[in-house]
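*Asks:* This is the structure I have questions about; it appears just below.
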């Protein structure tokens with residue numbers, strides 16, 4: 001990949017259906033996977049949020065979760081991609097948003 005190529009930022013939400021006994025393994029996987037966070041957890045269902053710089057990172061997390069003992073399904077519910085220009089190359093005509 002060229003240094004001048006725009007980068008991507010991906011944010012996704014995943015719903016994981018699992019057996020109650022899978023919660024410790026799920027917590028370990030979330031802690032080990034970069035950009036993966038637990039948003040909500042119940043006995044047999046968890047909602048995760050993934051931030052990554054490409055589709056490959058998202059797919060790696062999905063594969064990791066699906067391989068856990070006690071996980072029944074992993075469903076991608078939301079996926080958003082933004083292209084980011086290399087540092088210092090933001091066109092003056094592009095509005096910048098600030099949240100918070």
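Values quoted throughout were computed directly from the atomic coordinates according to the rules given, and no laboratory measurement underlies them. Remember, it's a predicted structure, so these values are computed and weren't measured experimentally. No Cβ is skipped: glycine too gets one built from the backbone with ideal geometry, and neighbour counts run over all protein chains shown.
*Asks:* Tell me, in nm to one decimal, what length is gained between residue 53 and residue 67 on full extension, where the rule is 0.36 nm per residue of separation less the Cα-Cα distance?
*Replies:* Once the chain is fully extended between residue 53 and residue 67, it gains 2.8 nm.
*Asks:* Obtain the nm distance between the two label points defined at residue 23 and residue 7 by a simple spin-label model: each point lies 7 Å from its Cα along the Cα-to-C-beta direction.
*Replies:* Computed distance between label sites residue 23 and residue 7 equals 3.6 nm.
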